[in-house]
């Protein structure tokens, strides 16, 4: 039998893989609601009574695409997936890039941590870093703008 902590971990992993922003878990008198975006108001729907105790109901989030204004001579490096963005390879070490740095296509510009797995984020274009759009350690959605290149 799965413990509640195992169920919560499984729900978090499901949300990370599927892009679901909110879900509810209910078993008897125990009710847990998970949300990755607390600033977004999403109407909740009660779970139907005929679902099993471990059922997970996904509540669709309103579509609010992440928009970043891009000038013709600029390029945005975006998050490849949902996770935690890291600007440096390890705490206390210098960041991969800073504003003013020149980067080449394929150069590592950050790390993405998702479920304790770290993946390199590489620039998909060459240019000069004009702005860092995500903070070190910030939780970001897939497609979130991370860097602005010119």
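When you go through (1) more than 27 Å from residue 9 (Cβ to Cβ); (2) free of Cβ contacts under 8 Å to residues at least 40 places away in the same chain; (3) not in a loop (DSSP other than H, G, I, E, B) one by one for residue 112, which number turns out not to apply? The failed condition is (1).
Those residues that are in a strand (DSSP E or B) and either more than 13 Å from residue 110 (Cβ to Cβ) or at pLDDT below 85 (or both), I need them from the stretch 69-84; list them, please. Of everything in the stretch 69-84, those that are in a strand (DSSP E or B) and either more than 13 Å from residue 110 (Cβ to Cβ) or at pLDDT below 85 (or both) turn out to be 75, 76. Within the stretch 118-146, the residues that satisfy the criterion of being more than 20 Å from residue 91 (Cα to Cα) and assigned to a strand (DSSP E or B) are 127, 128, 129, 130, 131, 145.
For the stretch 85-109, which residues satisfy the criterion of being surrounded by 19 or more Cβ atoms within 10 Å (Cβ to Cβ) and either at positive phi or not in a loop (DSSP other than H, G, I, E, B) (or both)?
Within the stretch 85-109, 85, 86, 103, 109 qualify.
The values are calculated or read from the model by the stated rules, or taken from the named source; none is laboratory data. What you are looking at is a predicted structure, and each value in this text was computed from that prediction instead of being measured. Here Cβ is always computed from backbone atoms with ideal geometry, including for glycine, and neighbour counts include all displayed protein chains.
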